[in-house]
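For reference, the structure is listed below as structure tokens.
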Amino acid sequence: NEERCEWCCGGASNVAVNCKKINFDVQLIGIVGKKDEDGRRLVSMLKNEGIKTDGMVLSNYRQTTSKERLMAQQQQLLRIDRENKKTLSVEEYTLLISRINLLLEPNMLVLISDYAKGVINSEVISEILKVAKERNCLILVDPKGPNFNKYYGVDYIKPNAKEFDQMVCFFGLSTNDS
């Protein structure tokens, strides 16, 4: 018997919620599935948190990334991931770029959270950089490998330990302290 069911924001939406909690004015730009309940629920949860969702693209081609955890006595027994890591369709790319052009305002802080789900590719980053630089925005990225060249031109990169180690190898840097 199912005792309880909890829903929470993950990935970039979790980052958005955390930014909102420290009083940032947050506008989330991303992609959710148009035909799935997870996408509708996520957008609703974001709105309830006070996050602007005008930047959300409703996709006919991908499902909303979700993770379902089955727990027993405080232990995770199983995690079921539902995601689509395919390259953006032309329609998804066009809609995403239009949201970026519409919603990036002068002097904004732009935080790119890359979770390697097929959305943040070199072309999308290039467009973000172009628009953000024209509008004097500061760009921060939370990277995901293996192609770290795609982040060239951002103002700051904040890797986790795993991505830091991957970046050191990717760029052929020495790990010696001397």
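Quick note: the coordinates plus some simple rules give every number you see, no bench work behind them. These numbers were taken from a predicted model, which means no experiment stands behind them. Glycine gets a Cβ as well: all are built from the backbone with ideal geometry, and neighbour counts include every protein chain shown.
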For the chain, with +1 on Lys and Arg beta carbons and -1 on Asp and Glu, the positive-most of Ile128, Ala12, Ser66 along the dipole: Ser66
Kirkwood hydrodynamic radius over Cα pairs of the chain, then Stokes diffusion coefficient at 37 °C and 0.692 mPa s, in µm²/s: 185
The range 110-178 - Rg (one decimal) and Dmax (whole number), Cα, Å: 12.8, 41
Under 12 Å from Lys34, Cα to Cα: aspartates and glutamates that are on another chain or at least 8 residues apart: Glu92
Given Lys67/Lys133; Lys47/Lys162; Lys52/Lys133; Lys21/Lys86; Lys67/Lys162, the pairs whose alpha carbons are separated by over 30 Å: Lys67/Lys133; Lys47/Lys162; Lys21/Lys86
18 Å Cα-Cα reach of Lys130 towards lysines, excluding residues that sit fewer than 8 places from it in its own chain: Lys150
C-alpha center-to-center spacing [the range 135-161, the range 63-129] in angstrom: 15
Residue-averaged [θ]222 nm for the chain, counting only DSSP H segments that reach four residues, each worth -39500 (n - 2.57): -10500 deg cm²/dmol
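What number do you get for the range 60-122 when its Cα radius of gyration is normalised by 2.2 N^0.38 Å, N = residues?
My calculation over the Cα atoms of the range 60-122 gives 1.54.
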With at most 11 other Cβ atoms within 10 Å, longest stretch of the chain clear of loop chymotrypsin sites (Phe, Trp or Tyr not before Pro) (DSSP): 8-151
Estimated Rh, the range 15-70: Kirkwood, alpha-carbon pairs, angstrom: 11.8
Proximal charge balance of Ser59 [Cβ under 15 Å; K/R count +1, D/E count -1]: +3
Scaled radius of gyration (Cα, divided by 2.2 N^0.38 Å) that the range 69-165 gives: 1.30
For the range 28-178, size of Cβ-based charge dipole, Lys and Arg +1, Asp and Glu -1, in debye: 400
